[in-house]
Amino acid sequence: MLDGKHYINGEWLSSGDGVIEVKNPATGELFGTVPNGGKDEATRAVEAAAAAFPEWSRKTVYERSALLMKWHDLLLEQKEEIGRILTMEMGKPLSEAIGEVEYSASFVHWFAEEAKRMYGRTIPASKEGKRIQVNKQPVGVVASITPWNFPAAMIARKIAPALATGCTFVAKPAKLTPLTAVKMVELAEQAGFPKGVINLVTGSASAIGEVFTTHPDIRKLTFTGSTEIGKELMKQSSERMLNLSLELGGHAPIIVLEDADLDLAVAGTMASKFRNAGQTCVCGNRIYVQESILDEFTEKLAQAAGKLKVGNGLDEGVEIGPLVDQGGYEKVDQHVRDAVDKGAKIVVGGEGKAENGSYFYNPTVLSGASSDMLVMNEETFGPVAPVMPFKTDEEAVKLANDTRFGLAAYFFTESMSRGTYLAENLEYGIVGWNDGAPSTAQAPFGGMKESGIGREGGQEGLEAFLETKYISIQV
Ligand code: NAP
């Protein structure tokens, strides 16, 4: 059992209205608790971050980066332990969980380096005696709200650039997976960040969210989660014109053209679709395959999906862990039933097992999918791959863009000209061309349309935590 606490102004606290129980989704067993905090804890954390801001932002970027690098080293040293916590509260296979810790550490490393290049600029003036300077400054106190599907990476992707630029930080992790965040903050404390620079509160999402969107000391809210809650937070923060970054839901298309390297396309689809049991915002949700290769592709995909080992993520060789909770399981099953009712065929999988608080769903491939099915219109967030045929490249682009979401899209082709047409016409923030796993610390990650506002990672991810100040000087 792990008993997590809030971390506020350098102290570990357990105040709040009782505790939140954290259960292992592979067994249904209690794994730990965190305090059920609310307005008071969130307010204290924001005030601590505001008090710490002047000194932290005045430090040189070299001092801040050195602390980030210590934190990075500790995250890697303890990646197995953090990975075990992550698997036990979230369910993903241990190797994937350790991979997520490494991925998280890569953001800390990259932003610790990149912040040294927060250049302003000098612009030639049009009048004699004028000097035009543009400076970059940290936005101030940043609040973050993150989801359960990447309990380590979603926080790291926000906290690393924020701290590197000189912002101070208050984090609220998801109630299903707060213990990974608690462990990461313990290591940040060990790395030596001054008190108040990093704060963590657990508890009521609506009460904490209200403080984050209304407290006058908060200058930025960075949120990753569903489009529905993202819209709610945008409304709540409109009164204060809060600087917002929103990383929201996806509904990624995968397009396989007839000239694709089929084995590469199957491997890329497997990586995109079945990682984290399909519970990622960028995972392929619907697969469009050109008619002439439909049967061959579907058969190869079903063969690969059928070989995946399902089970407790701590067990050797497991590739598909449990779905995170009952709601997740029911949604996946509803999408499969709806597709079958509307004429889809189950090629492999098609059922799961929900018992004693654990929710496993077998990797599923559906053929004969059509645009009227739920699975082709909504984020399934589970290991279900519906395959639908198309005739022309223009039709594939039209089908892919026919959604309110625009986070990630993938396609497979060996043709430069067809690939260029697809890459330029897909309305998505991230495009994987013969690549099922494009996410990396150096590149901008984020969506168009209702998939969000802003980018994380890359130079854009640093810029998100900076204000631009123009200084006009008459000499
Ligand atoms: P969610 O229900 O929106 O929850 C995300 C976070 O928001 C959690 O910390 C949750 O807290 C909090 N929250 C819920 N209601 C709130 C409220 N009224 N006020 C303030 N905060 C509130 O999403 P989820 O089901 O955890 O995560 C899955 C979604 O995240 C999917 O749509 C996925 O596509 C998206 N996602 C997007 C990205 C991206 O980068 N674009 C990455 C990963 C996931 P509690 O957990 O305490 O309720």
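The values are calculated or read from the model by the stated rules, or taken from the named source; none is laboratory data. Keep in mind that what you see is a predicted model, and the values were worked out from it rather than measured. Cβ coordinates were reconstructed from backbone atoms using ideal geometry, including for glycine residues, and neighbour counts include every protein chain displayed. The area values use the complete protein model at the heavy-atom level, side chains included, leaving out ligands, DNA and RNA. Shrake-Rupley method; radii C 1.70, N 1.55, O 1.52, S 1.80 Å.
Using the Karplus relation 6.51 cos²θ - 1.76 cosθ + 1.60 with θ = phi - 60°, the per-residue 3J(HN,Hα) values for region 99-110 come to x, 5, 5, 5, 4, 4, 4, 5, 5, 4, 4, 5 Hz, with x marking Gly and Pro.
Return the loop-located trypsin sites (Lys or Arg not before Pro) in region 165-209 (DSSP other than H, G, I, E, B) with at most 16 other Cβ atoms within 10 Å of their own Cβ; answer none if there are none. Display every interim value, and only then the final one.
On the way: sites: K175, K183, K195; in loops: K175, K195.
Here the sparse-neighbourhood loop sites are K175, K195.
Residue by residue, region 166-180 carries 3J(HN,Hα) couplings of x, 7, 10, 9, 10, 10, 10, x, 5, 5, 6, 9, x, 6, 4 Hz when phi is fed to the Karplus relation 6.51 cos²θ - 1.76 cosθ + 1.60 (θ = phi - 60°); x denotes Gly or Pro.
Helix 227-237 and the long axis of the chain differ in direction by around 20°, with both axes built from C-alpha atoms.
Please list the three semi-axes, largest first and in whole Å, of the ellipsoid equivalent to region 189-296, using sqrt of 5 times the eigenvalues of its alpha carbon gyration tensor. Don't skip to the answer; put the middle values down first.
Values: eigenvalues 341, 66, 24 Å².
For region 189-296, the ellipsoid semi-axes come out as 41, 18, 11 Å.
Two numbers describe the Cα atoms of the chain: Rg and Dmax, which are 23.0, 77 Å.
Please state the charge dipole magnitude for the chain, taken about the Cα centre, from unit charges on C-beta atoms (+1 on K and R, -1 on D and E), reported in debye and rounded to the nearest 20. Kindly include the intermediate steps, with their values, before the conclusion.
Working: 47 positive and 63 negative charges, 388 e Å.
The calculated dipole for the chain is roughly 1860 debye.
Distant-in-sequence amide contacts of N36, defined by a placed amide H-H separation under 5 Å and a gap of 5 or more residues or a different chain, comprise D17, G18, V19, I20. Checking the Cα-Cα distances for K235/K309; K231/K331; K172/K342; K5/K235; K130/K195; K309/K331 against a 32 Å cut-off, the pairs over it are K235/K309; K172/K342; K130/K195.
Here's how it looks for G352: its modeled amide H is under 5 Å from those of N362, which are all 5 or more places away or on a different chain. The overall shape of region 270-311, judged from the alpha-carbon gyration tensor, is oblate: a/c is not under 1.5, and a/b is no greater than b/c. Its Cα centre serving as origin, region 383-475 has a Cβ charge dipole (Lys and Arg +1, Asp and Glu -1) of approximately 100 debye. Once backbone amide H atoms are built at 1.01 Å from N, L366 has V347, A385, V387 as its partners under 5 Å, excluding neighbours fewer than 5 places away on the same chain. The angle separating the long axis of helix 262-274 from the principal Cα axis of greatest extent in the chain is about 60 degrees.
Rounded to the nearest 500, what is the chain's calculated 222 nm mean residue ellipticity when only DSSP H runs of at least 4 contribute -39500 (n - 2.57) each, over all residues? The partial results should precede the final answer.
On the way: 14 runs with 184 residues, N = 475.
One gets -12500 deg cm²/dmol as the mean residue ellipticity at 222 nm.
For the chain, the carbon plus sulfur part of the accessible surface works out to 49%, probe radius 1.4 Å.
Short-range pairs are left out: with C-alpha atoms under 8 Å and at least six residues apart, the relative contact order of region 348-460 is 17 percent. Along region 351-364 the Karplus relation, 6.51 cos²θ - 1.76 cosθ + 1.60 evaluated at θ = phi - 60°, assigns HN-Hα couplings of 8, x, 9, 10, 8, 6, x, 10, 9, 9, 10, 6, x, 10 Hz to successive residues, with x for each Gly and Pro. Looking at the square roots a ≥ b ≥ c of the eigenvalues of the Cα gyration tensor of region 1-89, which shape do they give, rounded for a/c under 1.5, prolate if a/b is larger than b/c, or oblate? The shape class here is oblate.
If you count, for each residue, the other Cβ atoms within 10 Å and average over each peptide, how do 211-217, 252-258 line up from highest to lowest? All intermediate terms of the calculation are to be shown ahead of the outcome.
Details: 211-217: 19.3, 252-258: 24.1.
Sorting 211-217, 252-258 by mean packing, highest first, produces 252-258, 211-217.
Return one number: the angle in degrees, 0 to 90 and rounded to the nearest 10, between the long axis of the Cα atoms of helix 153-165 and the longest principal axis of the Cα atoms of the chain. It works out to around 30 degrees. Computed with a 1.4 Å probe over protein heavy atoms only, the accessible surface of the chain comes to 40 Å² per residue.
Its alpha carbons considered, region 1-42 gives a radius of gyration followed by a Dmax of 11.6, 35 Å. Hull volume per residue, based on the alpha-carbon atoms of region 321-428 and their convex hull, is 116 Å³.
Hydrodynamic radius of region 423-475 by the Kirkwood approach over all distinct alpha-carbon pairs: 13.3 Å.
When only alpha carbons are used to place a centre, region 206-274 and region 323-394 end up 22 Å from one another.
With the contact rule set at Cα under 8 Å and sequence spacing of 6 or more, what percent relative contact order holds for the chain? Kindly include the intermediate steps, with their values, before the conclusion.
On the way: 1154 pairs, mean separation 88.5, N = 475.
Dividing the mean separation by the residue count of the chain yields 19 percent.
With the Cα gyration tensor of region 114-178 giving a ≥ b ≥ c as the square roots of its eigenvalues, does the rule (a/c under 1.5 for rounded; else a/b larger than b/c for prolate; else oblate) give rounded, prolate or oblate? Prolate, because a/c is 1.5 or more and a/b exceeds b/c.
The protection proxy used here, the mean number of other Cβ atoms lying within 10 Å of each residue, ranks peptides 159-167, 107-115 as follows, highest first: 159-167, 107-115.
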